[in-house]
Amino acid sequence: MGRILLVDDDPSVLFALSEMLASRGHDVVTASDGAEALTSIDGGAAFGAVVTDLGMPGMSGLELLEKVRARDAALPVIVITAQGSERAAVDAMKRGAYDYLAKPFDNDEVSYSVERALETRALRVESQAKTVEKALEASGVRIVGQSPALLRAVETARRLADKDVTVLVRGETGTGKELFGTLLHAASKRAPKALVRFNCAAIPADLAEAQLFGYARGAFTGASGAHAGFFVQAKGGSLVLDEVGELSLPIQAKLLRVLQEREVQPLGSTQVEHVDVRLVSSTHRDLLAEVKAGRFREDLYYRIAVVELHVPSLRERREDIPLLAREFARKYSERFGLLEVAELSPDLVALLVEAPWPGNVRQLENAIARCVALATGKVIGASAFALLSSPQAGDGPPTPSAADGPSYREQMDVFERNLLAATLAATSGNQSEAGRRLGLSRATLYDRLQRHGLLPENAKKD
C-alpha cells in the first residue's frame, strides 16, 4: 500500500479512480491539473507513484511527466491516454513514464500497474538509502534519530542529493544544519570532488570577499601571494555557506554575480575563472523577513533558495532525545577515557525529554558531555539533571536554575575525583606514575586519593 498522486482534469475520472484505489488500501491525493500536482510534490509529501492523464489543458501530462522526473527521477509516473493515442503513449514511455493505460481501462489493470510501480519505488528508495548510508559512513557523519520530523528531512535530502539544484537548509541554531549540507554532497555525483565550507558569521566582512572569491598577489597589504578562493577550491564539488544571512550586502551582490555568471574574478585581478560548483546555504534566520527589512537581497534569496530543506528543532523530535543522549554519553565516555560507557538512568532520560532545549541538539550534547565529565559512577541518575544548568547562555536547560545546582567547589571536587580515578586506571593503580602524569607529589596524590575514597583498604604510599 502507498500514497498515490492522481492527476486529471475530469472530476468524474478523479472520483472513480480515487475511490477504487482507496478501496484497495491506498492513500490517494488528487489534483485537477499539473500545477496543482507539482504544488503537492513540492510541498514535501512523499508519493509512491503518480497517475496522470496526458490530455489536460494548461500543462499537459507530458510536461508534468518531465517536471516530475526533474524533481525525482525515481518516482514512477503512469500515464493515461485516450483511445487511439498509442503514439502519445510511446512518446511518454520514451520520456521516462513507468507505464501507460489506455481508456477505457479496467480497474484491476490500473490496480496492478499501481502496485508494480509502488514496489519499484520501494526498491529504488531502499537502494538510494543504502547509497546515502555508505556515503555518510565514508564522510564520518551520523544522523541519529527515528522521529517522523527527522526522517522527512533526511528523505528530502536524499531526494535532492543527486540533483544539481541549489538548496537552502533552514533551521534553528544547534539543529545540525551542517550535517545536511554534508549529506547533500556525500550522496551526490559530486562526492568524489571537494566539499568546502565557509562560515559567513565567523569572519569579518572585509575578509569574506577575499576568502570566497580569492585574490591576486599584491591585491592588498599583506597579499604576498595569490589565493584561490573557496569557489575555485570547490570546483567540481560543493560549497556550503553556513549562516548565509550574515553576509553583508556588498558581498551578497558579488555572490549573486558569481551564481548568475558561473565565474569569479579574484580581488586585484583582471582575469575571470569559470567555476562549476553546487551551492548549499544554511541559515537560522527568516530570510524573507530579512529581505523585507532590507538586510538581504531578494534576487539572491531566490537564487539560493530554489529548494528549501527544513531541519526540525529538538522540540519537534522529542522522541529522538533518548537516542541522542545515549549516543552522546557513549561519545564522551570514550573521549574522556572512561573504562565503561556512562549509562543514563530512566529517570534522567525522562527529565531530558521534557526539558525545553532552546539550543537544540548542540545544547543537549554539551549538557551530556558535562554530565559524563562530572559523573561519580557508571550510572548517571536523575540528580545529575541539576548539573546541566550552566552560567553559559544556551549551554544547558534553563531549569533548574544554577542556584539550585551544586556549588563550584562541589563540581570541582567531582571533576578532580574523576580525573584521579581515570589516571589511576590508566596506570594500573601505580600511584608514582599517576602522580608523575598529574604533576603531583606522592604525598599530595595520596592525600587526595584518600580524601576521595579512591585508596584500596590498607593501601600505603608506594
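Would you mind stating whether VAL306 is modelled with pLDDT of 90 or more and farther than 29 Å from PRO250 by Cα?
Answer is no for this residue.
Are there any pairs, at least 6 apart or on different chains, whose C-beta atoms fall under 6 Å, with the first in the stretch 93-118 and closer than 20 Å to LEU14 by Cβ and the second aromatic (Phe, Trp, Tyr) and open to solvent by 40 Å² or more (accessible area, probe 1.4 Å), and if so, which?
These pairs meet every condition: ALA117/TYR98.
On the basis of being over 17 Å from LEU374 (Cα atoms) and either open to solvent by 10 Å² or more (accessible area, probe 1.4 Å) or of a type in the set (A, V, I, L, M) (or both), does PRO356 make the cut?
Yes, satisfied.
Looking at (1) open to solvent by 40 Å² or more (accessible area, probe 1.4 Å); (2) at pLDDT below 85, can you tell me which one VAL379 breaks?
Here VAL379 clears every test but (2).
For the stretch 1-13, which residues satisfy the criterion of being open to solvent by less than 60 Å² (accessible area, probe 1.4 Å) and in a strand (DSSP E or B)?
Passing the criteria: ILE4, LEU5, LEU6, VAL7.
Of LEU323, LEU309, LEU267, which residue is closer than 22 Å to ASP162 by Cα and either open to solvent by less than 10 Å² (accessible area, probe 1.4 Å) or not hydroxyl-bearing (Ser, Thr, Tyr) (or both)?
Just one listed residue meets the conditions, LEU309.
What are the residues in the stretch 50-96 that are over 28 Å from VAL165 (Cα atoms), assigned to a helix (DSSP H, G or I) and open to solvent by less than 50 Å² (accessible area, probe 1.4 Å), if any?
ALA88, ALA89
From the list GLU334, GLU340, pick out the single residue that is out of contact with any helix residue (DSSP H, G or I) (no Cβ under 6 Å at 6 or more places or on another chain), open to solvent by 20 Å² or more (accessible area, probe 1.4 Å) and not in a helix (DSSP H, G or I).
Result: GLU340 is the single residue among GLU334, GLU340 that is out of contact with any helix residue (DSSP H, G or I) (no Cβ under 6 Å at 6 or more places or on another chain), open to solvent by 20 Å² or more (accessible area, probe 1.4 Å) and not in a helix (DSSP H, G or I).
Which of the residues spanning the stretch 296-317 are closer than 11 Å to LEU150 by Cβ and either free of Cβ contacts under 8 Å to residues at least 60 places away in the same chain or touching a His at 6+ places or on another chain (Cβ under 7 Å) (or both)?
Passing the criteria: none in range.
Considering only residues that are of a type in the set (Asp, Glu) and in contact with a Pro (Cβ under 9 Å, 6 or more places away or on another chain), which ones fall in the stretch 1-34?
Scanning the stretch 1-34 gives ASP9, ASP33.
Being more than 29 Å from ALA421 (Cβ to Cβ) and not aromatic (Phe, Trp, Tyr) is true for just one of ASP347, ASP299. Which residue is that?
ASP299
Which residue, of ALA22, ALA16, ALA37, is within 13 Å of GLY2 (Cα to Cα) and not in a strand (DSSP E or B)?
Only one candidate qualifies: ALA22.
Assuming ARG317 fulfils every condition listed in (1) outside any helix (DSSP H, G or I); (2) modelled with pLDDT of 90 or more; (3) open to solvent by less than 80 Å² (accessible area, probe 1.4 Å) apart from one, which condition is it?
Result: ARG317 fails condition (1) only.
Taking the stretch 247-279, which residues are modelled with pLDDT of 90 or more, among the charged types (D, E, K, R) and in contact with a strand residue (DSSP E or B) (Cβ under 8 Å, 6 or more places away or on another chain)?
Answer for the stretch 247-279, where residues must be modelled with pLDDT of 90 or more, among the charged types (D, E, K, R) and in contact with a strand residue (DSSP E or B) (Cβ under 8 Å, 6 or more places away or on another chain): ARG262, GLU263, ARG278.
Scanning for something at pLDDT 60 or above and either part of a loop (DSSP other than H, G, I, E, B) or touching a helix residue (DSSP H, G or I) at 6+ places or on another chain (Cβ under 6 Å) (or both), does the stretch 391-401 turn up at least one residue?
No: the stretch 391-401 contains no residue that is at pLDDT 60 or above and either part of a loop (DSSP other than H, G, I, E, B) or touching a helix residue (DSSP H, G or I) at 6+ places or on another chain (Cβ under 6 Å) (or both).
Assuming SER23 fulfils every condition listed in (1) among the small types (Gly, Ala, Ser); (2) surrounded by 16 or more Cβ atoms within 10 Å (Cβ to Cβ); (3) out of contact with any helix residue (DSSP H, G or I) (no Cβ under 7 Å at 6 or more places or on another chain) apart from one, which condition is it?
Unmet for SER23, out of (1) among the small types (Gly, Ala, Ser); (2) surrounded by 16 or more Cβ atoms within 10 Å (Cβ to Cβ); (3) out of contact with any helix residue (DSSP H, G or I) (no Cβ under 7 Å at 6 or more places or on another chain): (2).
I need the helices (runs of 4 or more DSSP H) fully contained in the stretch 139-236, keeping only those with at least 2 residues that are free of Cβ contacts under 8 Å to residues at least 40 places away in the same chain and open to solvent by less than 60 Å² (accessible area, probe 1.4 Å).
Answer list for the stretch 139-236: 148-161.
Can you pull out every residue in the stretch 244-288 that is free of Cβ contacts under 8 Å to residues at least 60 places away in the same chain and within 20 Å of LYS177 (Cα to Cα)?
The answer is GLY245, GLU246, LEU247, VAL277, ARG285, ASP286, LEU288.
Find the residue count for the stretch 98-121, including only residues that are open to solvent by 60 Å² or more (accessible area, probe 1.4 Å) and part of a helix (DSSP H, G or I).
7
The values are calculated or read from the model by the stated rules, or taken from the named source; none is laboratory data. Since the structure is predicted, the reported quantities are computational estimates derived from the model, not experimental observations. Cβ atoms come from the backbone with ideal geometry, glycine included; neighbour counts cover every protein chain shown. Areas reflect the complete protein model, heavy atoms only, side chains present, ligands, DNA and RNA absent. Shrake-Rupley method; radii C 1.70, N 1.55, O 1.52, S 1.80 Å.
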